[in-house]
Amino acid sequence: MIDKMIKEKEDCMGCHACENICPAQCLAMTPDDEGFLYPKVDYALCIKCKRCISACPIINKVEAYDNLQAYACINKDGKIRSESSSGGVFTLVAEQVIDKGGVVFGASFNDEFGVEHIFIETKEKLLKLRGSKYVQSKIGDSYKQAKEFLNSGREVLFTGTPCQIAGLKNFLGKFYNNLFTTDIICHGVPSPEIWQKYVRFREAKAGAPTQRIAFRQKNEGWKQYSVSFSFKNNTEYRQNFHKDLYMRAFLKDVCLRPSCYACKFKGLNRQSDITLADFWGIQNILPEMDDNKGTSLIFINNEIGHGLFDEVKDKMVYQKVDRQEAVKYNSCAIRSSLYNPKRDVFMAEKNILPFDELVNKHCSD
């Protein structure tokens, strides 16, 4: 079945569409020795329906939309903006769906500070989904849960990486007028195992369990954001992203999923309704919208996205921009991360060297 069709690891993004659609529950997403999840089929239970193959967005491409417009956007609510990775636009879209009795899916930390997709139904819980999380999110049963809400008539906003949105669309297999999707401009997804090793490293240094993590603290400004860990002994670790060990490994591309080095979902044509991103380079394009507190870059990919944008635009400061100009400073929109020749040795030594030695050895130049 799917594990026989997808033979190379770079051809699987771990989107979970195959697991969610399997009627015999004979397929499980199983971690490899790098900590990335791949489908594994129990052939004693498999009924050979091939639905796992039909749901795969690599084997079966979903039609992408041609971006209609691009905008620089800032949420007028300064508090929400300060708690967001960039301009705070995700919250506006999510609140609009919740106000209509809808459900919002997105990436959240769990009790072990792993990252997984959950759904929320109240504005008070949006904090769980707000902010960047630089690790691959486990979809779990989210696609099946979203389908149940859609079939019940409720609006659903599903947020994720471009490959996760593609997985959802292929899993659903048909158009729902009560489904709204947003994706992000993605650098690539690091190994959940590497992330967990870093969390344990930080806890050992602090001598206490983690209480809260924020990848994008703006205490030094949006452009020089900090990684922050708060611990249960009332201590805190905070470091600029250029110096933080985990972010150095992430940005050196030594721990990304193999598929991220040849991502099939790059480009300005997207499968989501709206694409959200940091507007890097805003100081060069629209300096009047740069106060170093965070500005969002928004691609409106279709008429559904345009309708969502129209519903929330009065709560934003926004300006239309040329989309080619906008991605000039955000190459991740159109190009995959480059494979780092040190990657395989980094991953091979992850269980041998302490985390700080591992990063300093392979990410020093």
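The values are calculated or read from the model by the stated rules, or taken from the named source; none is laboratory data. In this text the structure is predicted, and so the values were computed from the model without any measurement. Reconstructed Cβ throughout: ideal geometry from the backbone, glycine too, with neighbour counts over all protein chains shown. Note: accessible area is taken over every heavy atom of the protein model, side chains too, but ligands, DNA and RNA are not part of it. Shrake-Rupley method; radii C 1.70, N 1.55, O 1.52, S 1.80 Å.
Some notes on this structure:
- Accessible-area composition of the stretch 170-226, carbon plus sulfur, in percent [1.4 Å probe]: 51
- For the chain, adding -39500 (n - 2.57) for each run of n ≥ 4 DSSP H residues and dividing by the number of residues yields -7500 deg cm²/dmol at 222 nm.
- Surface share of carbon and sulfur [accessible, 1.4 angstrom probe, percent] for the stretch 55-135: 48
- Calculated Rg and Dmax of the Cα atoms in Å (choose from [x] 20.0, 63; [y] 25.5, 83; [z] 20.9, 66), label: [x]
- For the stretch 316-365, a simple Cβ point-charge model (Lys and Arg +1, Asp and Glu -1, everything else neutral) yields a dipole of about 280 debye relative to the Cα centre.
- Rg and Dmax, both from the Cα atoms of the stretch 297-365 and both in Å, are 20.5, 54.
- Checking every one of the chymotrypsin sites (Phe, Trp or Tyr not before Pro) in the stretch 29-95 against DSSP loop status and a limit of 12 other Cβ atoms within 10 Å picks out Y43.
- Note on N240 and E288: the model spin-label points, each 7 Å out from Cα along the C-beta direction, lie 3.1 nm apart.
- Residue of S152, S82, S331 that the Gaussian network model of the chain assigns the largest fluctuation, springs spanning Cα pairs under 10 Å: S152
- Antiparallel %, DSSP beta bridges [both residues in the chain], to 5: 75
- Subtracting the Cα-Cα distance of F175 and D344 from 0.36 nm times their residue separation leaves 56.8 nm of extension gain.
- For the stretch 199-260: rounded, prolate or oblate by the Cα gyration tensor [a/c cutoff 1.5]: oblate
- Computed from point charges on the beta carbon alone (+1 for Lys and Arg, -1 for Asp and Glu), the dipole magnitude for the stretch 187-332 about its Cα centre is near 780 Debye.
- The stretch 2-81: trypsin sites (Lys or Arg not before Pro) in DSSP coil with no more than 13 other Cβ atoms inside 10 Å: K7, K48, K50, K61, K76
- Over the chain, accessible surface divided per residue gives 44 Å², non-protein components excluded, 1.4 Å probe.
- Multiplying each eigenvalue of the alpha-carbon gyration tensor of the stretch 45-132 by 5 and taking the square root yields semi-axes of 31, 20, 13 Å, largest first, rounded to whole angstroms.
- Within straight-line reach of K100, meaning a Cα separation under 16 Å, sit the following aspartates and glutamates at least 8 residues removed in sequence or on another chain: E121, E124, E155, D310, E311.
- For trypsin sites (Lys or Arg not before Pro), the sites in the stretch 103-185 that DSSP calls loop and that have at most 14 other Cβ atoms within 10 Å are K174.
- Across the chain, the longest run free of exposed loop sites, meaning GluC sites (Glu not before Pro) lying outside DSSP classes H, G, I, E and B with no more than 15 other Cβ atoms within 10 Å, spans 221-348.
- Here the chain is treated with +1 on each Lys and Arg Cβ and -1 on each Asp and Glu Cβ, and its dipole about the Cα centre works out to around 260 debye.
- Each residue, K9 and D111, gets one label point 7 Å from its Cα in the Cβ direction; the gap between the two is 3.1 nm.
- Signed unit charges on C-beta, dipole axis of the stretch 1-151, positive-most listed residue Y143, V93, L129: V93
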